[in-house]
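Here the structure is laid out as structure tokens; the discussion comes afterwards.
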Amino acid sequence: MLKRHNQDELQRLADAIATADAIVVGAGAGLSTAAGLTYAGERFERLFGDFAEKYGIRDMYSGGFYPFATPEERWAWWSRHIWYNRYVPAPKDTYKKLLALLQGKDFFVLTTNVDHQFQLAGFPKDRLFYMQGDYGLWQCSKPCHDSTYDNYEVVRLMVQQQRDMRVPSELVPRCPRCGRPMTMNLRSDETFVQDEGWHQAAERHAAFLDAHQRGNVLYLELGVGMNTPVIIKYPFWRRTFENREATYACINYGEAYAPAEIRNRSILLNADIDAALNGLQSK
């Protein structure tokens, strides 16, 4: 149940969505957390309890940095991580609720999430820009070229065939060109591959922003923290400041705020995103 203050802000947001000429959605990890894709606690223990017991890993995020002794162990971890956070839909229908709210609107989504839940929920691919990569793609670890590779089939086999937290050696992926180990297509350092699809999505995103520099634009920020504020949060603040007709909205449990310069054109919901979307559906 949302507090009274949030109910008032929720009505303002419902009105802003209804009247917006365009909506730019910026989504961070908090959106997937609200959808039930939690990286610690009960879900982690249920899916990775064996890794927690053997290696002392306490959550899915830190497990991605664990120095496994062999590639067979590493890919046992990563295949399970990919499968349950990329190919299995989120426990809650949070993303589908968001899509329903955006139906009939001119919108584009920029996200730092790499779990593909937007497309699993039915969002059109040409309205999405996964800036930080995709759990569903592999790349050469060097990298020796700028292509990425769909990993669904091999990951499925890894999950099915792993035993004692190891995958069969013949499933360990290697670059088809140079033979080096493959790695995740995730932005963590300068080796991140921006392939043709990434560049096309970046161009569509830039074109959408250029087309809506003026007018009644809603910048809707969902679950974005301060790990990478230069990707979504700061640009949303700047664009709202530069366009006097624009509105900035932020739904983030414990982190909903805006600079004084745009505070009078900001809608701030300190609330669970899934609960807020439920409330918006009833408006």
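The values are calculated or read from the model by the stated rules, or taken from the named source; none is laboratory data. Since we're looking at a predicted model, the values are computed, not measured. All Cβ positions, glycine included, derive from the backbone under ideal geometry; neighbour counts span all protein chains shown.
Scanning the stretch 234-283 for residues that are in contact with a helix residue (DSSP H, G or I) (Cβ under 8 Å, 6 or more places away or on another chain) and aromatic (Phe, Trp, Tyr) gives 237, 241, 248, 253. Does residue 225 fit the bill of being surrounded by fewer than 18 Cβ atoms within 10 Å (Cβ to Cβ), on the phi > 0 side of the Ramachandran plot and out of contact with any Ser or Thr (no Cβ under 7 Å at 6 or more places or on another chain)? The answer is no for residue 225.
Scanning the stretch 180-207 for residues that are under 14 Å from residue 151 (Cβ atoms) and of a type in the set (S, T, N, Q), we see that the one that is surrounded by the most Cβ atoms within 10 Å (Cβ to Cβ) is 185. Among the conditions (1) buried (at least 16 other Cβ atoms within 10 Å of the Cβ); (2) within 18 Å of residue 197 (Cβ to Cβ); (3) among the aliphatic types (A, V, I, L, M), the only one that residue 120 does not satisfy is (1). Among the residues making up the stretch 230-255, those that are surrounded by 14 or more Cβ atoms within 10 Å (Cβ to Cβ) and at pLDDT below 95 are 253, 255. When every residue of the stretch 97-115 is checked against the conditions, none turns out to be assigned by the TED database to the domain that holds residue 212, free of Cβ contacts under 8 Å to residues at least 40 places away in the same chain and either crowded, with 21+ Cβ neighbours inside 10 Å or over 17 Å from residue 219 (Cα atoms) (or both).
Under the condition of being without any contact (Cβ under 8 Å) to a residue 40 or more places away in the chain and under 15 Å from residue 13 (Cβ atoms), the residues counted in the stretch 204-250 number 4.
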